[in-house]
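*Asks:* Here it is, the structure in full.
The values are calculated or read from the model by the stated rules, or taken from the named source; none is laboratory data. A quick note: this is a predicted structure, and the numbers were derived from the prediction, not measured. A quick note on method: Cβ atoms are made from the backbone with ideal geometry, for glycine too, and the neighbour counts reach across all protein chains shown. The area values use the complete protein model at the heavy-atom level, side chains included, leaving out ligands, DNA and RNA. Shrake-Rupley method; radii C 1.70, N 1.55, O 1.52, S 1.80 Å.
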Amino acid sequence: VRAAQGQPLEPLTLVRVDLLTAGTLADATLDLLELFPAMLRNVVDSRAALAQERGLLRSVIDAVPDTHLFVKDRASRFLITNAAHLHTLGLPRLDDVLGKTDMEITPGPLAEQYFADEQAVMDSGVPLHDRVEPVIIQPSGERRWYLTSKVPLRDASGAVTGHVGISRNITSLKLAEEERE
């Protein structure tokens, strides 16, 4: 009980050991109930802190205007993306993207190129930085330009498990450049 409550323990603690039988099971269960409130409180507090942190992260991801933020797994399936990206894709909900690839959402040569780039990043472990690439806005078909970077996502052992991407809308810069030319 002291250990569960975070209190210091003596270097050597002698513990009574009893044989558990059908007849003594009820008493043993009641003895364990003393530990449950502290354990349950820790679990509830941890879940609340995790939910708050997740909500904060989601707010930050969605607050970035004109920028696509996304994470994909090894098969280039979306694990997360932000509101700006959903808007570009013409999709109202995150659930419309999760578990899907670009080729499933907007098939075509651009999706094939995105997939090839992502696989190269994950296979080589070398990030792709500042690639200027076109994006077709759905459902209007309007063309925009984005400056994209994709970096490998690694687990605790260093293995590549996916990638993280960020694409910044640079259409106004691209149009101004074309105008100057």
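*Asks:* Using Cα centres only, tell me the gap between region 88-130 and region 1-40 in whole Å.
*Replies:* 52 Å
*Asks:* Another question, if that's okay. Please give the contour-minus-distance gain from VAL44 to ARG77: 0.36 nm per residue of separation, less the Cα-Cα distance, rounded to one decimal in nm.
*Replies:* 8.7 nm
*Asks:* Which of rounded, prolate or oblate describes the chain when judged by the alpha-carbon gyration tensor and an a/c cut-off of 1.5?
*Replies:* prolate
*Asks:* Would region 78-181 count as rounded, prolate or oblate if I go by the C-alpha gyration tensor, calling it rounded below 1.5 in a/c and otherwise prolate when a/b exceeds b/c, oblate otherwise?
*Replies:* Oblate, because a/c is 1.5 or more while a/b does not exceed b/c.
*Asks:* Provide the FRET efficiency to the nearest 0.05 for the ARG54-LEU173 pair, computing r from the beta carbons and using R0 = 41 Å.
*Replies:* On the way: r = 34 Å, r/R0 = 0.83.
Once rounded, the FRET efficiency stands at 0.75.
*Asks:* Given Cα pairs under 8 Å that are at least 6 residues apart, what percent is the relative contact order of the chain?
*Replies:* 17 percent
*Asks:* Roughly how many percent of the accessible protein surface of the chain is carbon and sulfur, given a 1.4 Å probe and a whole-percent answer?
*Replies:* 60 percent
*Asks:* If you don't mind, another one. What's the FRET efficiency of VAL160 with PHE115 using the Cβ-Cβ distance as r and R₀ = 22 Å, to the nearest 0.05?
*Replies:* Efficiency at R0 = 22 Å is approximately 0.90.
*Asks:* Kindly report the accessible area of the chain per residue (heavy atoms of protein chains, probe 1.4 Å, no ligands, DNA or RNA), in Å².
*Replies:* Accessible area per residue, the chain: 68 Å².
*Asks:* Give the lysines whose C-alpha is closer than 27 Å to that of LYS100, dropping any in the same chain fewer than 8 places away, or say none.
*Replies:* Within reach: LYS72, LYS150.
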